[in-house]
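See structure below.
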Amino acid sequence: MTHGPNAGAPATLLTTDDYVYFAVRALEGMAGIVRDLGDDLANTRPNLPGANTPYALLVHCLGVVEYWAGHLVRGRPSERDREAEFDASGAVDVLLQRTEEAIGRLAGDVAAASPSSPLAFQPAASAQGPDRPLTQGAALQHVYEELAQHHGQMELMRDVILAERAGLLVGRS
């Protein structure tokens, strides 16, 4: 499906700096939540069906960045284990360092990308991304889509975890 009179035509919607600004803002927002929660609460699942921990959600987002921007756009090798991301746990300071390193790589990956060019590799079926062929620009848009949605999800998770800790929420039966 195409949309608009120039669908499919190359367009510049925002600069590389603008893209990186918003992507980093989402990553730093999630990192701040994990930092503020600390090791114990960042590794706590809210009492919601199928909930992840904030720590695991940030690990997943780092996996998204490395796979979609690093592997599919820039062509770096990838040994991503998407399912394991959701079981990740550990020390917050280590994860914050990984996040800073990922931010640096993402900025370089975006700067080197050719938005209208094809991907270096096609996404694996297990990648759970868009169900159509993508350009490098579209893959980077998917990265931002994931970061933005998971940042909002993590804000809600934080609020639920803190409310549960304060005894303001009672577990479901």
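Some observations on this one:
- Lone qualifier among Ser89, Ser117 - being surrounded by fewer than 19 Cβ atoms within 10 Å (Cβ to Cβ), among the hydroxyl-bearing types (Ser, Thr, Tyr) and within 19 Å of Gly32 (Cα to Cα): Ser89
- A residue that is free of Cβ contacts under 8 Å to residues at least 24 places away in the same chain, closer than 16 Å to Ala31 by Cα and among the hydrophobic types (A, V, I, L, M, F, W, C) occurs nowhere in the range 104-115.
- Condition met for Tyr21 (surrounded by fewer than 14 Cβ atoms within 10 Å (Cβ to Cβ) and in a helix (DSSP H, G or I)): yes
- Restricting attention to the range 158-173, the residues being exposed (fewer than 15 other Cβ atoms within 10 Å of the Cβ) and either outside any loop (DSSP other than H, G, I, E, B) or at pLDDT 95 or above (or both) number 3.
- Within the range 1-18, the set of residues being open to solvent by 100 Å² or more (accessible area, probe 1.4 Å) and modelled with pLDDT of 95 or more comprises just one member, Asp17.
- Scanning the range 63-96 for residues that are hydrophobic (A, V, I, L, M, F, W, C) and more than 19 Å from Ala120 (Cα to Cα) yields a total of 8.
- Within the range 124-157, tally of residues that are touching a residue at least 40 places away in the same chain (Cβ under 8 Å), in a helix (DSSP H, G or I), more than 17 Å from Met30 (Cα to Cα) and open to solvent by less than 50 Å² (accessible area, probe 1.4 Å): 5
- Residues being surrounded by fewer than 20 Cβ atoms within 10 Å (Cβ to Cβ) and either more than 13 Å from Ile161 (Cβ to Cβ) or of a type in the set (A, V, I, L, M) (or both) - total across the range 42-59: 4
- Test result for Pro77, modelled with pLDDT under 95 and more than 17 Å from the chain's Cα centre (by Cα): no
The values are calculated or read from the model by the stated rules, or taken from the named source; none is laboratory data. Note that this is a predicted model, so its numbers are computed, not measured. Neighbour counts are summed over all protein chains in view; Cβ atoms, including those assigned to glycine, are modelled from backbone coordinates with ideal geometry. Surface areas here come from the heavy atoms of the whole protein model, side chains and all, with no ligands, DNA or RNA. Shrake-Rupley method; radii C 1.70, N 1.55, O 1.52, S 1.80 Å.
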